[in-house]
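What follows is a short report on a single structure.
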Amino acid sequence: MNPLSSVNAFVQPNGLITLLPKPNLTASIPATELQTLTPSLPTSSPLPVAPEVTPVDGSFSSVLGKMVNEVNAKQSAANDTVTGLLSGQQVPLHQAMIAMQEANVSFQLMVEVRNKLLDSYQELMRMQI
């Protein structure tokens with residue numbers, strides 16, 4: 001039995017199974033409608049370009065400082081994008097949502113790294129010499 005065949009089945013309240021007609025996958029959009037479509041891509045992205053990742057070249061505190069600065073940059077970029085969306089600029093809603101989610105995920109990562117560092121510090125402090 002094809003695993004996708006269950007998609008075309010419908011169980012009636014009396015327990016009988018009725019097969020639904022398969023969708024017409026050969027339907028196409030008329031050429032006249034395709035010619036009138038224009039791409040709606042923005043000419044310039046309101047989001048800043050992410051900095052290139054460079055090899056770790058410094059102390060532990062500088063690596064953490066870079067991480068905090070990158071999270072701050074993402075937060076401010078998300079804030080600018082949302083402000084642009086609310087002020088009526090040509091900022092698409094999906095770009096504002098993506099910027100907010102990127103800022104949220106980067107902040108959550110930073111918090112988890114902090115939690116792991118605190119856990120490891122507390123574990124070191126519990127060790128007996």
Got a sec? How would Glu70, Glu112 order by Cβ neighbour count within 10 Å, fewest to most?
Glu112, Glu70
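Please rank Thr81, Thr32, fewest neighbouring Cβ atoms within 10 Å first, as an exposure proxy. Show your work: numbers first, answer last.
Working: Thr81 25, Thr32 7.
Ranking Thr81, Thr32 by Cβ neighbours within 10 Å, fewest first, gives Thr32, Thr81.
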Kindly write out, for the range 68-83 in residue order, the coupling ³J(HN,Hα) from the Karplus curve 6.51 cos²θ - 1.76 cosθ + 1.60 (θ = phi - 60°), rounded to whole Hz, with x marking Gly and Pro.
5, 5, 5, 5, 4, 5, 5, 5, 5, 5, 5, 5, 5, 5, 5, 4
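If R₀ is 22 angstrom, what is the calculated FRET efficiency for the pair Asn115 and Val63, using the beta carbon separation as r and rounding to 0.05?
On the way: r = 17 Å, r/R0 = 0.76.
That gives a FRET efficiency of 0.85.
No value in this document is a laboratory result; all are computed from the given coordinates. Bear in mind that the values here come from a model prediction, so they are computed numbers and not experimental data. Glycine gets a Cβ as well: all are built from the backbone with ideal geometry, and neighbour counts include every protein chain shown.
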